[in-house]
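The values are calculated or read from the model by the stated rules, or taken from the named source; none is laboratory data. Everything numeric in this text was worked out from a predicted model, so none of it was measured. Methodologically, a virtual Cβ is constructed for each residue, glycine included, from the backbone with ideal geometry; neighbour enumeration extends over all protein chains shown. For accessibility, only protein heavy atoms count, side chains too; no ligands or nucleic acids. Shrake-Rupley method; radii C 1.70, N 1.55, O 1.52, S 1.80 Å.
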Amino acid sequence: MCTRDARLLSEVQPQEVSKYAKKPVCPDVFRETMDQSGVLLWVKAEPFIVGALQEPPPSKLSLHYLKKVAAYVRTRATERAYPRLYWPTWRHIACGKLQLAKDLAWLYFEIFDNLSERTPEERLEWSEILSNCTTKDEVEKQRNQLSVDTLQFLLFLYIQQLNKISLRTSFIGEEWPSPRNRPKSPSPAERSSCHNKNWNDYNHQAFVCDHLSELLELLLDPEQLTESFHSTQSSLLSREAVTALSFLIEGTVSRTKKVYPLHELALWQPLHAANGFSKISKTFSLYKLEAWLRACLTTNPFGLSACLQSGKKLAWAHKVEGATKRAKIACNAHMAPRSHRIVVMSQVCNQTLAKSSETLVGAHVRAHRCNESFIYLLSPLRSMTIEKCRNSTFVLGPVETALHLHGCENLKVIAVCHRLSVSSTIGCTFHIMTPSRPLILSGNQTVTFAPFHTHYPMLEDHMARTGLATVPNYWDDPMVLGGEGTDTRVFQLLPPSEFYVFVTPFEMEGDTAEIPGGLPPAYQKALAHREQRIHNWQKTVKEARLTKEQRKQFQVLVENKFYEWLVSTGHRQQLDSLVPPPAASNQVAKKDLTWSHGALET
């Protein structure tokens, strides 16, 4: 028995079943094996949350064409196509054979590459390499050195079908009944909270269950397929193919609580009879493996639905004058491994909420229906999704992967992020720093981009932890996809005359004392001009030689005008909410630093 098998076997308690998920319905032929091993599998959330674009994919990424790509790359193993697919080869396939635009080909390649397990140091080194390039040709030369796992990349391209528009679904509201195992439909309350397919673990499981045969066929060697690219009952799947499938599926053994990639579980000795692995040929029976996967697949115990059902409720927002305590905030940090953390915020209304916490570090965060609020999440995040929020300001710590907005109106979002994408938004302004081009998907109106314009003491440390640098920075070069096509009228760059810096109004330990990377020259010049005008005004007042009574009257007049401005712009609400409650002055934060309405809390 190999070391891995011995390790897994030592952790198994046959009579136990994972407390995280219900026992799945499975064929009788596999029920006994499952009872003995306690193996549970589920579909990973991150490939869908971060990897699947919230846009219908090009028709050339359908299964028909992806099967042709799968066969093509295997015949080009000596041409940097398999088992690692290099950017020049993918560019040739995508642009020359699939007729995709080069920018779109790079977009898919870069998104998948960002999902790979690179260290922050490696990401910063890549940013430094790009920042030293002075021409597009030099950038392309550096990109030519990048490669991704070929089989996993094929799976990544296939899951872009998640947001494919189905006319049948549009008419009847549900998918046509399938004879295959499908997850139990969520309750109405869960459906309302999980409407976004990218976050809905029921959708993830249903997608994989409904398309499992096709996913497995993508991973088969060409000689295991018929002339029409279909499998047979005698088709065999390689160990490398099952390892690639770990990109989408993982699991656990009994109550060990440790999460294993699919291939480690599949190679476990007691399961060989069930999943069809042969030690002689080092291959899996496709027929048995598919049946085993269907038998073991269950709902993700660390997904959004589990977080909503059994997650820890967080009291980050509190009642303020004139507002109702409606905020619903939950996380799964108490039960999920660090790489599976989720934080869900809903209905934060008429409040100022600020948080810098270990709970947020590396978490996928979702803000839903937050209105008339100021929200500061000053920790390094894995991803951030903002949905159906209105008239609010979001100030975020560095977002390691994707920041996505959907269905929002009149928001200001301030963030350093690896990638920004927006869909169905109206009148939103983005002050961002990003090493990839912002994506404007379908349904947007009046999108404004501006340079990143704030800082907080731990910002540069958080950027280093997420592998984000100040250069390259493509905040002003968005890429328009979707219904707008190449119409650039859907967005604008903020005029320098309307630009002001943003002050993050909290104190914390750290060394960052200015905006990382500085400001673009045009915006820096506009600030300098405005500061000069203020200096001239102060000089004029000083030289007016007002009497003491005149100075007092003048001060009252200025304060009244300033107060009127605060009320008319809505800034008074923000200032009032930053005043700490009296009781908060005696509280000291140890591990979690939380500000709510300007107060430091535990």
So residue 452, is it under 14 Å from residue 397 (Cβ atoms) and either buried (at least 22 other Cβ atoms within 10 Å of the Cβ) or among the β-branched types (Val, Ile, Thr) (or both): yes
Wholly within region 352-424, strands (runs of 3 or more DSSP E) carrying at least 3 residues that are among the small types (Gly, Ala, Ser), in contact with a strand residue (DSSP E or B) (Cβ under 6 Å, 6 or more places away or on another chain) and at pLDDT 95 or above: 409-423
Test for residue 224: is it in contact with a helix residue (DSSP H, G or I) (Cβ under 6 Å, 6 or more places away or on another chain) and modelled with pLDDT under 95: no
Residue count, region 117-139 (criterion: in contact (Cβ under 8 Å) with a residue 60 or more places away in the chain and open to solvent by 70 Å² or more (accessible area, probe 1.4 Å)): 3
Of all residues making up region 232-260, the number that are open to solvent by less than 40 Å² (accessible area, probe 1.4 Å) and under 23 Å from residue 206 (Cα atoms): 15
Residue within region 318-329 that is assigned to a strand (DSSP E or B) and either of a type in the set (A, V, I, L, M, F, W, C) or open to solvent by less than 10 Å² (accessible area, probe 1.4 Å) (or both) present: yes
Options 418, 404; residue that is touching a residue at least 24 places away in the same chain (Cβ under 8 Å) and closer than 18 Å to residue 516 by Cβ: 418
Where a residue in region 56-73 is assigned to a helix (DSSP H, G or I) and its partner, wherever it lies, is at pLDDT 95 or above and of a type in the set (Gly, Ala, Ser), with Cβ under 6 Å and at least six apart: 73/81
Residue under evaluation residue 60, criteria (1) farther than 15 Å from residue 154 by Cβ; (2) open to solvent by 10 Å² or more (accessible area, probe 1.4 Å), criterion not met: (1)
